Amino acid sequence: MKEISRTALYCLMILTVGMVSGSLGPSLVYLSDLVDASVSQISIVFTVKALGSILGAYIAGRAFDRFSGHMYLLIMACIVVVTLFLVPFSNGLVILSIIFFIMGFAEVSMNTGCNLLTIWVNKDKAGTAMLMVQLAYSVGTMIAPLILVFGGWLGGDYGTGYWLIALYTLIFPFVLWRSPSPTYREANTDGQPQVFNKAFFTCFLFMVFMYVGFEVSVAGWISTYAKLNGMPQTEAALLVTLFFLAFAAGRLLSVPILRWVSLPLIMAFLLAMSVAGSVLIAFSILPITVVALLLGAGCSAVFPMLFTFGNEVVALTGKLTGYIFTFCGVGAMVMPSAIGPLIDWYGASIYPYVLIIMSLILWASWLSLQKLANTNKKPQPQTKDETN
């Protein structure tokens, strides 16, 4: 029961992370009008939020090893509440950028904590729990635009939507204050010395970097690609919705499937769908709406399963998890940012081939991970005291 209740808490908390993450894009025009900035100027908010996320992931990983995980989550939740509350009061681009930098820092800290503590609570049975946490994140990203629209109906603009997300997040400091935090317990070693698999973890981080870059490149650029190829703007925008619908559905279906099918087999199938979807865009074999669904399903459960697989080989401490989410932030910032200049130089037709290359690199990384993994000599976690 303890594992179920705590996992449920982390699922509810990571809804906030998903809502915060999913609210920036739909509210971009609102933010632009709020601080009297052009669309090109307001785009800096994405960069500063990503930089805050990278710094937050790096620090959070060490904090969860040294301090009470729930206390650190409590502080980060409070910071998220304050920053969400302050957004509608921003009177300049600099102030807004500072707010989103701090918001990105706290948001990724909550993301890191919810994923890491789920692993610590569920230990070797964390696969299904991780899928549920990541499914909750996907739900958060999907409902964020609806909350902003509902907030607009209530208060006239999207600022009320930000306050509604803040009001929901305000629940968690009170819950965390009374809830004991899980600790990093030493597993049964059976007297066998264990060695940290550096080669595996390096390859693992590279695959995390490539996967997040691939996912954000699809979600962030597929509408623009379709529009540049003549699709009406409204229909092109719908592609992102289709992508995330398939994304959430894939994660939901992966929960029961994981009970019957091995993780490596599911991963191979998902990566194959990502490669196939990329090829189908390049050669226009199927309508791009169908391909968006295929790519969403292909990306859906890769991250939680990759996270689970990594923990089976390298027991994840807070520090190592911090590295993982740092590389998530770098991948989300670097890879999609490179696509814009490539389209300017070579035209929109270059986009599918970039996706093909990225998906093939993902496939090769997965094959390398399986070769580097030595499940018979799993490194054992240190105790809470040893990490200090």
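Derivation of every value follows stated rules applied to the coordinates shown; laboratory data play no part. Computed from a predicted structure; not experimentally measured. Cβ placement follows ideal geometry from the backbone for every residue including glycine, while neighbour counts extend to all protein chains displayed.
Spin-label point model (7 Å from Cα, Cβ direction): what's the residue 229 to residue 334 distance in nm?
Each label point is offset 7 Å from its Cα along the Cβ direction, giving 2.8 nm.
What does the highest-first list of 206-213, 344-351, 141-148 look like by mean Cβ count within 10 Å?
My ranking of the peptides, most packed first, is 206-213, 141-148, 344-351.
With charges set only on the Cβ (+1 for Lys and Arg, -1 for Asp and Glu), what does the dipole of the range 2-177 come to about its Cα centre, in debye to the nearest 20?
Approximately 560 debye in magnitude.
Projected onto the charge dipole of the range 2-177 (+1 at Lys/Arg Cβ, -1 at Asp/Glu Cβ, origin at the Cα centre), which of 145, 92, 51 gives the Cα projection farthest towards the positive end?
51
Can you compute the helix-only [θ] at 222 nm over the chain? Use -39500 (n - 2.57) per DSSP H run of at least 4 residues, normalise by all residues, nearest 500 deg cm²/dmol.
-27000 deg cm²/dmol
Going highest first, how would you order 294-302, 131-139, 23-31 by mean Cβ packing within 10 Å?
294-302, 131-139, 23-31
Starting from the Cα-Cα distance between residue 202 and residue 238, subtract it from 0.36 nm times their residue separation and give me the gain in nm to one decimal.
9.3 nm is the gain from fully extending residue 202 to residue 238.
Report D for the range 2-177 in µm² per second (integer): Stokes-Einstein, Kirkwood Rh on Cα pairs, 4 °C, 1.567 mPa s.
Rounded to a whole number, D works out at 80 µm²/s.
Helix hunt in the chain: which complete DSSP H runs extend at least 24 Å axially by C-alpha with mean Kyte-Doolittle at least 0.5?
2-23, 44-66, 69-86, 93-122, 126-155, 198-228, 233-257, 263-283, 318-346, 350-372
Quick check: pseudo-label points 7 Å beyond the Cα along Cα→Cβ at residue 150 and residue 259, how many nm apart are they?
The answer from the label model is 3.1 nm.
For the chain, how big is Rg over Rh, using alpha carbon atoms and the Kirkwood form of Rh?
Result for the chain is an Rg/Rh of 0.96.
For the range 67-87 and the range 1-33, what is the centre-to-centre distance using only Cα atoms, to the nearest Å?
First find each Cα centre; the distance between them is then 13 Å.
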